1. Assign one of three labels to the range 69-164, namely rounded, prolate or oblate, based on the Cα gyration tensor with a ≥ b ≥ c the square roots of its eigenvalues; rounded applies when a/c is under 1.5, prolate when it is not and a/b is larger than b/c, and oblate otherwise.
2. On full extension of the chain, what length is gained from Ile245 through Gln85, given 0.36 nm per residue of separation minus the C-alpha to C-alpha distance?
3. Counting other Cβ atoms within 10 Å, keep those with at most 13, restrict to DSSP loop, and tell me which GluC sites (Glu not before Pro) in the range 117-210 are left.
4. Taking a cut-off of 20 Å between Cα atoms, list the lysines near Lys45, but don't count ones fewer than 8 places away on the same chain.
5. For a label point 7 Å from the Cα of Gln235 along Cα→C-beta, name the residues of the range 33-47 whose backbone N is under 15 Å from it.
6. How far is helix 95-106 tilted, in degrees, relative to the longest principal axis of the Cα atoms in the chain, given as a value from 0 to 90 rounded to the nearest 10?
7. Can you return the aspartates and glutamates within cross-link range of Lys40? Criterion is Cα-Cα under 17 Å, with same-chain partners fewer than 8 residues away left out.
8. Taking the simple approach of a point 7 Å from Cα along Cα-to-Cβ for both Glu111 and Arg129, what is their distance in nm?
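Quick note: the coordinates plus some simple rules give every number you see, no bench work behind them. Nothing here was measured: the structure is a model prediction, and the numbers come from that model. So basically every Cβ, Gly included, is an ideal-geometry build from the backbone, and we count neighbours across all protein chains shown.
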Amino acid sequence: MIEIQELRKAFNEHPVLDGVNLTIKTGETMVIIGRSGCGKSVLLKHLIGLIAPDAGRILIDGTDITALAGPALDKMRLKFGMLFQGAALFDSMTVEENVSFALHEHTTASEAEINQRVEECLQAVGLERVEAMYPAELSGGMRKRVGLARSIAMHPEIILYDEPTTGIDPITGDSINNLIIELRDRLKVTSVVVTHDMKSAYKVADRIAMLYNGNIIQVGTPEEIRGSASATVQQFITGQADGPIQQGLPARRALSRWFRPRRRGGI
Ligand SMILES: Nc1ncnc2c1ncn2[C@@H]1O[C@H](COP(=O)(O)OP(=O)(O)O)[C@@H](O)[C@H]1O
Ligand SMILES: [Mg+2]
């Protein structure tokens, strides 16, 4: 369903995606893991044409989305639902207005049909009686659910999740994991989940791909990733400070800058 081919993107001469190749099958949940700042969100935004690549193609059911613009791109985007990092709700709109936004924009459905659809979507994510509330009145987990309700409103074939469990407590996070699984099973959607939360990755993934230094360095089932022979993959999935993945500044050196022994008479 989604074929990413030799995707390249640099910002200010700094390559973020350096020839990414990845195929995502219809109906599967692909989890993309990698460190903060490694380009996961940038990769997701390419999938729906929010960022244009420097080179490479992304085929969605055989159509290269990177070559589309205007109405053709808008039409292609309707296949997607996206849960942005931090949910990205409109703060000045109620939950109902947030969830129904695309329905008003892209359909000719009646007010009654739209209300019905909003209710269905909120129910699907386990929310009730929140229609009139504003995002600021909701907890982080509820905001993610509203974002998810909004992303399924248009019956997408593909749902993209950017860090769905980041910034919420582990129990709420796990209920979001369950929702991702449920939506895959019930709506038969293809899902792409970007995360650095390995617990979530193992739970929701059919396959996991690791993004590192601009490339997908391994793709496999959760078991295959757990048993990876790559020291880089092992360091990431087990969360070790020491290993082949470069750190910003070696911790000891950074510390010694601050705690340099004072010379007599100095400051
Ligand atoms: N619009 C942009 N302009 C310049 N640099 C960007 C832009 N978007 C992302 N970057 C850079 O690309 C890198 C990858 O970012 P991102 O995809 O957000 O990482 P993450 O894996 O944490 O989601 C970062 O170094 C970030 O600063
Ligand atoms: Mg990100």
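1. oblate
2. Net length gain for the segment: 55.2 nm.
3. Hits after loop and neighbour filter: Glu128.
4. Hits, sequence-local ones excluded: Lys9, Lys25, Lys75, Lys79, Lys144.
5. It comes to 34-36, 38, nothing else.
6. 70 degrees
7. Once the sequence-local aspartates and glutamates are set aside, what remains near Lys40 is Glu3, Glu6, Asp18, Asp54, Asp162, Glu163, Asp197.
8. Taking the two extended label points, one gets 2.4 nm.
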